[in-house]
1. Output ³J(HN,Hα) for segment 205-214: one whole-Hz value per residue in order, computed from phi by the Karplus curve 6.51 cos²θ - 1.76 cosθ + 1.60 with θ = phi - 60°, and x for Gly and Pro.
2. Skipping prolines and chain starts, which residues have an amide H placed within reach, meaning under 5 Å, of the one on Thr255, given they are 5 or more residues away or on another chain?
3. Let me know the longest stretch in the chain that avoids all trypsin sites (Lys or Arg not before Pro) found in a DSSP loop with at most 10 other C-beta atoms within 10 Å.
4. Mean separation of Cα pairs under 8 Å and 6+ residues apart, divided by the residue count of the chain: what relative contact order is that in percent?
5. Whole percent per 10 Å bin, from 0 to the bin with the longest distance: what is P(r) over all C-alpha pairs of segment 20-216?
6. Over all Cα pairs of segment 153-309, how is the pair count split among 5 Å bins, expressed in % and running from 0 up to the last occupied bin?
7. Looking only at the chain, where both bridge partners belong to it, what percent of the DSSP beta bridges are antiparallel (to the nearest 5)?
8. Over every pair of different alpha-carbon atoms in segment 212-288, take the mean of 1/r and invert it; report that Kirkwood radius in Å.
Amino acid sequence: MKGAPHDHGHDHGHAHSGAPAFGRAFPIGVALNAGFVVFEVCGGVLAHSTALLADAGHNLGDVLGLLGAWVAAMLARRLPSAHFTYGLRSGTILASLANAAILLVSIGAILVEALRRLLLPVPVAAATVIVVALIGIAVNGATALMFAAGRKGEINARSVFQHMAADAAISGGVVLAAIAVLASGWNRIDPAASILVALAIGWGTWRLFRESLGMMLDAVPSGIEPAEVRAFLLQLPGVVAIHDLHIWPMSTSETALTCHLVVPGEAPGPDFLAGAAHTLAERFGIGHPTLQLERHADVTCLLEPENVV
């Protein structure tokens, strides 16, 4: 700030998402699931099964999710440029938001059709539904296995594994619904099952949409409590006050922070910034902190008021 000398400390810890070891798994997973979506839609139309169509809508979300994770892995390796100084990592947030929006539209269409089928039931070819859903279990299970090795580490691989494993279970639910139709002859079980599937998908999708929209608006990422970060910064050696604290997502897996630390008196040691950055990364998952040191407490920084951005 003008009239006040400052030390600018920048210490960045980068935790790039992307998993080079899974590079081949992404295109294979996309191809398998995209082909199955087409197959499942055809099967749903021929068998008059809204449960299959609902699951196809879900599997379309899988394809989009896999594409988003694949894009995230590639974007994370793109170097910054003069115009894109953070690289293209934020594109992963845009992909996540688009994925959620498309899924919500698909869910709405599925619910409308399922309600129509409840009022005006049509014969369901339950045997066809069972065969298609069993293939779905195989496709989703195989895709999950391709990412099983990374389920405890890399974030994109972990999310893909969890999603695909859950989808295999949903396909199992479709099989059970079709068996119930065969046993009872009551065709309304199929649209009723599709409504349950759509609502289950919608619950998770709405949460994804809200979180993605928050990220687009630079909200503090979920899992990080700003008050805890503020308390940590205030207890750093020599810090008497902080202001202009901002925490925002650089991508779906990377978080940045900027803050002014008022540190009057003796200058902090050479390990001050490195230690603060290490703790921010380890404790809060903030891998890209920029800390500015203000050495004179009696000089007012223009960014000190809380209402100034």
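1. Couplings: 5, 4, 5, 4, 5, 4, 5, 5, 5, x Hz.
2. The list, which skips near neighbours in sequence, is Met250, Gly287, His288.
3. Working: sites that count: Lys2, Arg24, Lys152.
Segment 153-309 is the longest.
4. Numbers: 507 pairs, mean separation 78.0, N = 309.
Reported as a whole number, the value is 25 percent.
5. Calculated P(r), rounded to whole percents: 9, 35, 32, 16, 6, 2, 0.
6. 2, 7, 13, 14, 13, 10, 8, 7, 6, 6, 5, 4, 3, 2, 1, 1, 0
7. On the way: 12 of 19 bridges.
Around 65 percent antiparallel, to the nearest 5.
8. On the way: mean 1/r = 0.0760 Å⁻¹.
This gives a value of 13.2 Å.
No value in this document is a laboratory result; all are computed from the given coordinates. Not measured: the values here are computed from a predicted model. Cβ coordinates were reconstructed from backbone atoms using ideal geometry, including for glycine residues, and neighbour counts include every protein chain displayed.
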